[in-house]
Structure formats: structure tokens, C-alpha cells
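Novice: I'd like to ask you about the structure that follows.
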Amino acid sequence: MGRYGSRRLSRQPAWYRCLRENKSLRYPPPPPPPPPGGDYPPPGGYPPPGGGYPPGGTGDKTDALGRPLAQGWERLVAGLIDGVLIGVVATVVRVALDSLLLSLGVGFVVATIYYAILNSEITKGQTIGKMVLGMATVDSTTGAYVDISRAGVRGVVFAALGWICCIGAIVEAVLVFTDKRAQTIHDKAGGTLVVKVK
């Protein structure tokens with residue numbers, strides 16, 4: 001290089017000489033190839049394109065739309081409110097008809113109709129008790145409100161367990177606290193969940 005060339009090189013900053021001598025620093029190696037059978041995972045933990053999270057939301061404690069499941073005590077309080085309202089109607093019918101057996105039959109029909117209509121998409125899945133507690137009945141797979149036929153099946157099972165078999169009502173109350181998705185017998189019959197909506 002010669003005396004003048006070496007003197008000129010020595011005047012260069014240290015970082016410049018380092019880059020000149022180490023070309024690998026100026027040209028980093030290419031990124032590794034993608035894993036076999038697919039592309040790189042999407043950044044930020046978002047679901048893959050064209051897919052999404054599986055039914056049931058992001059876990060057992062939410063529905064498909066990410067809304068939290070109602071807690072057991074909330075469902076029991078809502079059920080008590082609805083039960084009192086239906087009980088008032090049944091009492092009025094019993095007094096009017098003067099027949100316990102007939103009033104029980106009318107009460108069963110009233111309860112079935114009440115739950116079929118108010119747990120359906122007509123009222124956005126809310127009975128009066130659920131309105132007070134800020135809850136709603138929804139499809140366990142999609143999170144949508146259910147139609148009146150499915151709400152009717154749910155209502156028949158619920159009314160039957162409450163009117164005909166007290167042991168069934170106790171089992172229902174236990175399932176609210178022990179089932180991983182808080183699904184009772186009538187929830188499973190109608191394919192529903194109860195979620196918080198406010």
C-alpha cells in the first residue's frame with residue numbers, strides 16, 4: 001500500500017476500519033428459511049388468516065365472542081327473580097281455579113312459555129332476572145342468540161326439573177358452580193351458555 005496509503009488509512013475512524021475489514025458486519029446473513037409446511041407465525045399473537053380462535057372464545061370462561069360467562073351466584077339470583085314472578089302467576093291461578101294440581105299444570109305451561117320467549121332472540125336472550133343481573137342466554141358454539149324453538153326446549157327441561165323433580169333442580173344448582181363452562185342440564189339440552197352482557 002505504501003507509506004502514504006497506510007498513513008491515510010490510519011487517519012480513518014476506528015468504526016470505519018472495522019467495517020472495512022469485516023464485510024460480514026455490513027452484509028448480515030439472510031434470515032433462516034420458514035419452518036416446513038407453512039409460513040412464519042403471524043406477529044402479535046393474532047389468529048391465522050382465514051381462521052380464528054376455535055369455538056368457545058379464547059378459553060372455557062368466555063363464549064365465542066369473548067364475553068365472560070355469568071357467575072354461579074348471578075344465575076341463582078336471576079333464577080330466584082324469575083321464579084318469584086312465575087310463582088305469583090301460579091298462585092293467582094291456584095286461587096282462581098281452587099285446584100292445586102291444575103295450578104301446577106298451568107304454572108308449568110306459564111314457565112315454559114316465559115323461558116321460551118324471554119331466553120330467545122326476541123328479547124336478546126334476557127329474562128327479567130337476567131336483565132336485572134346483566135346476563136343473556138346465547139348459543140354455546142357461535143355466541144348468537146337462539147331461536148324460540150331452542151329456547152323452548154331449554155325452557156321445558158328447566159320447568160320440568162323445577163316442577164316435577166326437586167332433585168333435578170338441586171343438580172342444576174350444583175352444575176352452575178362445578179361445570180367448566182357453567183352449563184346446567186337445560187343449558188346442555190338447548191346448546192346454550194349464559195354470558196355477561198354489561
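The values are calculated or read from the model by the stated rules, or taken from the named source; none is laboratory data. It should be emphasised that the depicted structure is a prediction, and the values quoted were computed from it without experimental measurement. FYI the Cβ positions are ideal-geometry reconstructions off the backbone, even for glycines, and counts take in every protein chain you see. Ligands, DNA and RNA are excluded from the accessible area calculation, which covers all protein heavy atoms including side chains. Shrake-Rupley method; radii C 1.70, N 1.55, O 1.52, S 1.80 Å.
Novice: Tell me which of these LYS130 doesn't satisfy, since it passes every other one: (1) out of contact with any Phe, Trp or Tyr (no Cβ under 9 Å at 6 or more places or on another chain); (2) open to solvent by 50 Å² or more (accessible area, probe 1.4 Å); (3) of a type in the set (D, E, K, R).
Specialist: Failed condition: (2).
Novice: Which of the helices (runs of 4 or more DSSP H) found entirely inside the stretch 47-158 contain at least 2 residues meeting this: at pLDDT below 95 and of a type in the set (A, V, I, L, M)?
Specialist: Hits in the stretch 47-158: 72-97, 100-118.
Novice: I've got another one for you. What number goes with the only condition from (1) more than 21 Å from the chain's Cα centre (by Cα); (2) under 17 Å from GLY191 (Cβ atoms) that ARG150 does not pass?
Specialist: (1)
Novice: Here's something else I'd like to know. Anything in the stretch 184-198 that is surrounded by 18 or more Cβ atoms within 10 Å (Cβ to Cβ) and in contact with a Pro (Cβ under 7 Å, 6 or more places away or on another chain)? List them, or say none.
Specialist: VAL195
Novice: While we're on this one: Scan the stretch 159-198 for residues that are assigned to a loop (DSSP other than H, G, I, E, B) and either touching a residue at least 24 places away in the same chain (Cβ under 8 Å) or not charged (D, E, K, R) (or both) and report the count.
Specialist: Matching residues across the stretch 159-198 total 10.
Novice: Among what's in the stretch 162-178 and is open to solvent by less than 30 Å² (accessible area, probe 1.4 Å) and within 18 Å of THR137 (Cβ to Cβ), pick the residue that is farthest from the chain's Cα centre (by Cα).
Specialist: This residue is GLU172.
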